[in-house]
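Engineer: This is the structure I have questions about; it appears just below.
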Amino acid sequence: MVFNKTYPLYTVDCKGWEIVGSIKPKCTPDPVVEPIHVSVAYRHPRSGCIVSGHGGPVKYSREDNPTVLGLEARLAVLENAGNLLAFNSGMAAISSLLLAEALEEQLIVPWEVYGGTSLLVKELSEHMKIRAIRVYPDTQSIIDTLKPGSVVLLETMTNPTLKIVDVDEVIRASREMGSTVIVDNTFATPILYKPLDRGADYSVESLTKYISGHNDVLGGSVASNKDLSHVWKWRTLLGGIIQPAEAYLVERGLKTLYLRFRKSSETAVAVAEYLEDHPMVEEVFYPGLSSSPYKKVADRLFTEKLYGGVVSFKVKGLTMSNVASYLSRLTLITPSPSLGGTESLMTYPVLSSSKYIPSDIRSKLGITENLLRLSIGLEDEQAVIEDLSRMLQQ
Ligand SMILES: Cc1ncc(COP(=O)(O)O)c(C=O)c1O
């Protein structure tokens with residue numbers, strides 16, 4: 001509520017809704033936390049000033065909303081971005097951005113990306129004017145495919161086997177070629193990597209994961225140093241703006257992002273080392289392990305010696321038919337598909353995030369029937385290890 005104005009006082013009886021007076025708040029509180037603005041419509045600021053468009057006065061909450069603008073301003077600082085738009089999910093952010101940026105263009109996307117992104121790219125190339133080229137997630141394969149005008153969409157760490165493409169190198173080559181680079185930075189977060197600082201055109205985050213961090217809200221963002229009016233247009237047309245209450249929850253999560261990300265990452269190192277020594281574990285994927293082929297590039301790209309809270313691993317003898325019995329032995333970790341929240345979650349990629357990858361390519365990527373993906377939350381390190389030990393008992 002704004003405190004220097006009057007608000008209608010209404011009554012509802014059998015005749016309907018009736019205004020019977022007005023109220024003016026008596027005092028002017030000064031809240032520590034920004035209020036949630038629930039109004040869908042806003043009075044035009046001046047008579048005759050009924051402008052529409054990105055950056056204009058707030059007038060309708062499908063276009064802009066004061067709570068959302070507050071969140072966007074704070075996320076823009078985190079991303080070091082001139083402009084940022086918040087969406088009601090990571091997929092809403094990615095789909096609006098691709099519609100705004102990649103129509104009529106060649107879109108290069110590594111095979112190993114989030115399943116929703118994979119399916120979106122497939123649908124867009126089958127039904128709309130986007131020519132998708134899928135490539136192996138290695139730096140040279142991506143660079144070799146670049147053409148002037150093409151758009152590259154890549155993830156800072158791949159999902160689920162945590163490969164790390166040299167994103168800096170792809171950005172440099174794209175600049176030379178005249179291509180556009182979109183980095184889905186969800187797994188690394190701006191704590192480890194700020195795509196725009198490295199020269200990317202767009203940075204995308206699923207705010208659902210680490211940034212909100214409590215497994216209780218969906219959100220997404222697109223950040224850029226370019227004008228975002230074309231993306232704003234698609235957000236408005238598709239109705240993809242984040243809702244004010246959700247924007248508030250993301251903003252609340254943002255305050256503890258660094259603390260949570262550091263704790264999850266530190267536990268993840270201990271868990272990855274434990275799994276590496278376990279006799280039932282065939283292979284561990286974690287860029288923070290000294291044995292990881294991606295440790296060197298991670299240390300070069302990331303601005304902190306942290307590697308995130310996701311650890312993937314292959315279990316000897318685990319198959320599609322016995323995976324449920326392994327997962328049922330977990331008591332602390334929840335078998336569930338998301339990541340980056342306070343609760344540890346474990347998922348089975350071949351039936352979830354990676355199910356849209358053709359099976360021959362999936363096995364070349366190392367996404368096999370015995371692979372599990374663990375997202376580590378804020379629980380005690382020893383408790384997580386004990387739960388894994390219970391699950392791996394023969
Ligand atoms: C890397 C990545 N990008 C985007 C998304 C989509 O985010 P959302 O679920 O918020 O739509 C996900 C979801 O898991 C993801 O892992």
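The values are calculated or read from the model by the stated rules, or taken from the named source; none is laboratory data. Just so it is clear, the structure is predicted and the values come from calculations on it, not from any experiment. Positions of Cβ are backbone-derived with ideal geometry, glycine not excepted, and every protein chain shown enters the neighbour counts.
Engineer: Quick one: in the stretch 175-192, of everything that is among the hydrophobic types (A, V, I, L, M, F, W, C) and not in a helix (DSSP H, G or I), which residue is farthest from the ligand (Cβ to nearest atom)?
Structural biologist: Val181
Engineer: So which pairs qualify, if the first residue must be in the stretch 357-377 and in the same structural domain as Leu345 (by TED's automatic domain parsing) and at negative phi, the second must be among the aliphatic types (A, V, I, L, M) and part of a loop (DSSP other than H, G, I, E, B), the Cβ gap must be under 6 Å, and the two must be at least 6 apart or on different chains?
Structural biologist: Short answer, once both residue conditions are applied: Glu369/Met320; Asn370/Leu318; Ser375/Leu339.
Engineer: Okay, next question. From the set of residues in the stretch 236-276 that are more than 21 Å from Thr189 (Cα to Cα) and in contact with a Phe, Trp or Tyr (Cβ under 6 Å, 6 or more places away or on another chain), which is surrounded by the most Cβ atoms within 10 Å (Cβ to Cβ)?
Structural biologist: Leu275
Engineer: Now, a different point. Please go through the stretch 104-132 and give me each residue that is more than 16 Å from the ligand (Cβ to nearest atom), buried (at least 17 other Cβ atoms within 10 Å of the Cβ), aliphatic (A, V, I, L, M) and not in a strand (DSSP E or B), ordered by number.
Structural biologist: Ile130
Engineer: Of all residues in the stretch 193-211, which are over 19 Å from Ile143 (Cβ atoms) and more than 14 Å from the ligand (Cβ to nearest atom)?
Structural biologist: Correct list: Lys194, Leu196, Asp197.
Engineer: Give the residues of the stretch 193-211 that are assigned to a helix (DSSP H, G or I) and small (Gly, Ala, Ser), sorted by residue number.
Structural biologist: Within the stretch 193-211, none qualify.
Engineer: Further question: Going through Arg172, Arg235 one at a time, which residue ends up being touching a residue at least 40 places away in the same chain (Cβ under 8 Å), over 24 Å from Val284 (Cα atoms) and away from the ligand (no atom under 13 Å from the Cβ)?
Structural biologist: Answer to the selection: Arg235.
Engineer: Name the residues in the stretch 212-232 that are β-branched (Val, Ile, Thr), within 14 Å of the ligand (Cβ to nearest atom) and not in a strand (DSSP E or B), would you?
Structural biologist: Answer for the stretch 212-232, where residues must be β-branched (Val, Ile, Thr), within 14 Å of the ligand (Cβ to nearest atom) and not in a strand (DSSP E or B): just Val217.
Engineer: Something else now. (1) in the same structural domain as Glu379 (by TED's automatic domain parsing); (2) under 22 Å from Ile94 (Cβ atoms); (3) surrounded by fewer than 23 Cβ atoms within 10 Å (Cβ to Cβ): which one isn't true of Lys316, the others all being true?
Structural biologist: (2)
Engineer: Which pairs have Cβ atoms under 8 Å, sit 6 or more apart or on different chains, and link a residue in the stretch 83-109 that is without any contact (Cβ under 8 Å) to a residue 40 or more places away in the chain and in the same structural domain as Leu146 (by TED's automatic domain parsing) to one that is more than 12 Å from the ligand (Cβ to nearest atom) and β-branched (Val, Ile, Thr)?
Structural biologist: Leu103/Ile130; Glu104/Ile130
Engineer: Same structure, new question: Restricting the stretch 348-374 to residues that are crowded, with 22+ Cβ neighbours inside 10 Å and among the polar types (S, T, N, Q), which is farthest from the ligand (Cβ to nearest atom)?
Structural biologist: Here the residue is Ser354.
Engineer: Right, something else. Take the residues in the stretch 277-313 that are of a type in the set (A, V, I, L, M) and touching a strand residue (DSSP E or B) at 6+ places or on another chain (Cβ under 7 Å); name whichever of them is surrounded by the most Cβ atoms within 10 Å (Cβ to Cβ).
Structural biologist: Here the residue is Val311.
Engineer: Out of Ser141, Ser179, which single residue is crowded, with 23+ Cβ neighbours inside 10 Å and polar (S, T, N, Q)?
Structural biologist: Result of the check over Ser141, Ser179: Ser179.
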